[in-house]
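Worksheet: the structure to be examined is printed underneath.
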Amino acid sequence: MTPVIGYHGEMPPMAFNMARYCIGRAALAVPDKPALIVVSDPRAEPAEIWTYQRLERAILHVAGALSQSRLTPGARILIRLDNTSDYALMFFGAVAAGFVPIPASTQLTDAEVSFLLENSGAEAMCVADHLASGQVPAGVRVIQQAEARRMIAQGPPGTYAATTANQPAYLIYTSGTTSRPKGVLHAHRAAWGRRPMYQGWYGIRPDDRILHAGAFNWTYTLGVGLTDAWANGATSVIYTGPKDPAVWPGLIATHGATIFAAVPGLYRQIMKYGDVRPGTLGRLRHGLTAGEAPPPGFFEEWRDRTGLELYESIGMSELST
């Protein structure tokens, strides 16, 4: 590939599928290692544990089902699911098959959904069962969550599409704070482009457990919470229960999180309502923060309260973190 100006690292291979890079390699190297742990009750055992082998099998089931659904090669698929494993599996299954998922929130209005469908030219929309589909343009296939779960469990086995590093992998829409939301298209190579952060920002290791507090429709979560964790053979931990700020310290300690990622506002709530003292956060090595500007004294207060560091990054739809 042609080198990118300002980037001096190793370039990705031309034949490159983001899902294979993030999941396929680890499924071969450490098939029985937990890739995804889902916690729904902070006081109970994990609700779901997905090994890399099981994770790969599920996303290839999704890839196979989508490939047989008469969608155009490279079709865009809007995802409006709750923050569960279904979201992650549908997203990476679509990427694996060479389709282009569009992560979106369950909180969107009908008008906002209609805009995204029309503006993106999406051919399908995967939607949580408790959400109304709204006014769906003609020709857009609606995949209810129950059907998505059948794809995950029983879809025909598929394969990783023979994509290139420069082909579109996923489409993110800006928040539309200053104007209408704009679509930002990320290529498969975006996963490779995150490599300088692995040590330059958060020192990720294969034995890490990364707990991310954000929702999957956010690139901060998809990037740090899933893409980077899996590309390094680490374990991703997601929490799907009520988001009481006081619950996070116990989650971190009980489930062995070594890296915690959140926005500054949540860290402030945790310090206000949670038990954060040296020794109460288990194996946590440090925290990551992005998504909003930290207030004065924020880093110092966390360090004084916990004895640990927070490392900051800037994030935006155009670049993720």
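The values are calculated or read from the model by the stated rules, or taken from the named source; none is laboratory data. Since the structure is predicted, the reported quantities are computational estimates derived from the model, not experimental observations. Neighbour counts run over all protein chains shown; Cβ positions are idealised from the backbone, glycine included. What goes into the accessible areas is simple: the full protein's heavy atoms, side chains included, and nothing from ligands, DNA or RNA. Shrake-Rupley method; radii C 1.70, N 1.55, O 1.52, S 1.80 Å.
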**Q.** Contact order relative to length of segment 55-179, as percent, for alpha carbon pairs under 8 angstrom and 6 or more apart
**A.** 37 percent
Q) Tell me which lysines have Cα within less than 16 Å of Lys272's Cα, excluding those fewer than 8 residues away on the same chain? A) Lys243
**Q.** Share of Cα-Cα pairs in segment 213-321 lying beyond 19 Å, as whole percent
**A.** 41 percent
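Can you divide the C-alpha Rg of segment 65-169 by 2.2 N^0.38 Å and report the result to two decimal places?
Relative to the 2.2 N^0.38 Å estimate, segment 65-169 comes out at 1.01.
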Q) What is segment 14-107 by shape, rounded, prolate or oblate, if you read a ≥ b ≥ c off the alpha carbon gyration tensor as root eigenvalues and call it rounded for a/c under 1.5, prolate for a/b larger than b/c, and oblate otherwise? A) oblate
Q) At 222 nm, what helix-only mean residue ellipticity would the chain give, in deg cm²/dmol to the nearest 500, using -39500 (n - 2.57) for each DSSP H run of four or more? A) -8000 deg cm²/dmol
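Could you give the accessible area per residue of the chain, probe 1.4 Å, as a whole number in Å²?
44 Å²
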Q: Based on a Kirkwood Rh over C-alpha pairs, give the Stokes-Einstein translational diffusion coefficient of segment 126-190 at 10 °C and viscosity 1.306 mPa s in µm²/s.
A: 105 µm²/s
**Q.** 5 angstrom amide H check on Val184, placed H, neighbours 5+ away
**A.** Ile172, Tyr173, Thr174
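Looking at the chain, identify the longest residue range that excludes and avoids all trypsin sites (Lys or Arg not before Pro) in DSSP loops having at most 14 other Cβ atoms within 10 Å.
Working: sites that count: Arg43, Arg70, Lys182, Lys243, Arg283.
Answer from the scan: 71-181.
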Q. Given H placed on each backbone N at 1.01 Å, which residues far from Ala35 in sequence or on other chains put an amide H within less than 5 Å of it?
A. Trp50, Thr51, Tyr52
